[in-house]
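Here is the structure we will look at.
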C-alpha cells in the first residue's frame, strides 16, 4: 500500500493528501459513534 504513496502525493499534492486524511478521520469517527450508539441501544433493549 505504501508503495504507491509517492504517486498519490504527486497526483493529489500535499493539500489533497491532507484532505483525504481528514475525510478518512471523519469517516472513522462516524463509524465509532455508530458503534457506540448501537451498543447503548442494545443495552437499553436488553433491560
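Taking each residue as 0.36 nm, the span from residue 47 to residue 29 lengthens on full extension beyond its C-alpha to C-alpha distance by 3.7 nm. For the pair residue 4 and residue 17, how long in nm is the line joining their label points, each one 7 Å along Cα→Cβ? Label-label distance for residue 4 and residue 17, simple model: 1.5 nm. Once Rh for the chain is found with the Kirkwood sum over Cα pairs, what is the Stokes-Einstein diffusion coefficient at 25 °C and 0.890 mPa s, in µm²/s? In µm²/s, the coefficient is 188. The angle between the Cα long axis of helix 5-46 and the longest principal axis of the Cα atoms of the chain comes to about 0 degrees, rounded to the nearest 10.
Laboratory data are not the source of any read-out in this text; all were calculated from the coordinates shown. Not measured: the values here are computed from a predicted model. Positions of Cβ are backbone-derived with ideal geometry, glycine not excepted, and every protein chain shown enters the neighbour counts.
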